[in-house]
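Worksheet: one structure, shown below.
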Amino acid sequence: MVRPLLPVPGWLEGRGGQPEAYCHRAMLDAVHYLVDNGTKWRASPADFPPWNRVYAFFRRWREHSLIVEFRDRRRGKVREKAGRDPEPTAGVIDSQSVKADASRGPWPHRVSGTGRTAVTSWTSR
């Protein structure tokens, strides 16, 4: 699912350069672990490659929009496995009053101001 998206290292295509020290699977596993657990880059477990190499791969993939593509493909596979359409068709609408002037009086009180509405797409995991 992900392999076709990953860039081919230059040394495999005869463009020169050194072979990469870590496999892409180890990098993907490390990024997935860090995102899933919400830990800091520097606090990654010793089972993974060094944090600075993992971050360098992540940054390169993000610059080429591969992270978004990974997420979209995975979401599609999870939805298909659940017997649903690969693309989400629902959205969440939320509104909030935003203060337009300084606070008056003790809380709680109604907020006089401008209404703001946000629409986000709904994805399931």
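Around Trp51, under 9 Å between beta carbons, what's the net of Lys plus Arg minus Asp minus Glu among the other residues? For residues surrounding Trp51, the net value is +3. Across the stretch 26-95, Cα pairs under 8 Å and at least six residues apart give a relative contact order of 19 percent. Rg and Dmax over the alpha-carbon atoms of the stretch 25-83 stand at 12.7, 39 Å.
Of Ser65, Ser44, the residue with the largest accessible area leads and the full order is Ser65, Ser44 (1.4 Å probe).
The values are calculated or read from the model by the stated rules, or taken from the named source; none is laboratory data. From a predicted model like this one, the values you see are computed outputs, not experimental measurements. Please note: Cβ atoms are built from the backbone with ideal geometry, for glycine as well, and neighbour counts cover all protein chains shown. Accessible surface is based on the protein model in full, side chains and every heavy atom, while ligands, DNA and RNA are left aside. Shrake-Rupley method; radii C 1.70, N 1.55, O 1.52, S 1.80 Å.
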